[in-house]
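J.: Before anything else, here's the structure in question.
The values are calculated or read from the model by the stated rules, or taken from the named source; none is laboratory data. The structure displayed is predicted, hence computed values, not measured ones. Neighbour counts run over all protein chains shown; Cβ positions are idealised from the backbone, glycine included. Side chains are part of the model used for accessible areas, which takes the heavy atoms of the whole protein and leaves out ligands, DNA and RNA. Shrake-Rupley method; radii C 1.70, N 1.55, O 1.52, S 1.80 Å.
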Amino acid sequence: MAIGRSAAIVFINSDSGEEYITVDGNEGDRKNLTAWHGGDELVKAVAAQNKNTIVVVHSVGPLIIESWIEHPNVTA
C-alpha cells in the first residue's frame, strides 16, 4: 500500500505492562529499548517502498532507532 503514495505514515509503539501484562516477551516493564510488535522491521519495510516515510512513535520511554533513523526515505 505504500508504493506510489505521496507519503506513508508508520506508527510504532513500546509500552509498559504495569507488571500484569506480557507483550513481546516483556512481563510488566520493558526489558529492552526496542519497538514492540516488530516496529523497527515495519519501518524499514515501508521505507523500502516509499520515499516519504513518516514515523510516529508512541512510547513510555526512549527507543533505540538507529536501525532506521538514517534511512534516506524516513523523512520525519
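J.: Can you tell me which residues in the stretch 18-76 are open to solvent by 50 Å² or more (accessible area, probe 1.4 Å), of a type in the set (Ser, Thr, Tyr) and either part of a strand (DSSP E or B) or under 13 Å from residue 2 (Cα atoms) (or both)?
T.: Within the stretch 18-76, just 22 meets the criteria.
J.: Restricting to the stretch 5-17, and then to whatever is open to solvent by less than 80 Å² (accessible area, probe 1.4 Å) and not hydroxyl-bearing (Ser, Thr, Tyr), can you tell me which residue is farthest from residue 53 (Cα to Cα)?
T.: Among those residues, the one meeting the criterion is 17.
J.: Here's something else I'd like to know. How many residues, within the stretch 1-29, are modelled with pLDDT under 85, over 19 Å from the mean Cα position of the chain (by Cα) and closer than 21 Å to residue 41 by Cα?
T.: Here is the first cut: in the stretch 1-29, the residues modelled with pLDDT under 85 are 1-2, 4, 15-29.
Now restrict to residues that are over 19 Å from the mean Cα position of the chain (by Cα): 4, 18-21, 27-28.
After this cut, where a residue has to be closer than 21 Å to residue 41 by Cα as well, the list is 4.
Within the stretch 1-29, residues that are modelled with pLDDT under 85, over 19 Å from the mean Cα position of the chain (by Cα) and closer than 21 Å to residue 41 by Cα number 1.
J.: Mind checking which residues of the stretch 29-74 are in contact (Cβ under 8 Å) with a residue 40 or more places away in the chain and in contact with a Ser or Thr (Cβ under 7 Å, 6 or more places away or on another chain)? Quick ask: steps written out before the conclusion?
T.: Kept after step one, since they are in contact (Cβ under 8 Å) with a residue 40 or more places away in the chain, are these residues of the stretch 29-74: 46, 49-50, 52-61, 63.
Scanning the stretch 29-74 gives 46, 52, 53, 54, 59, 60, 63.
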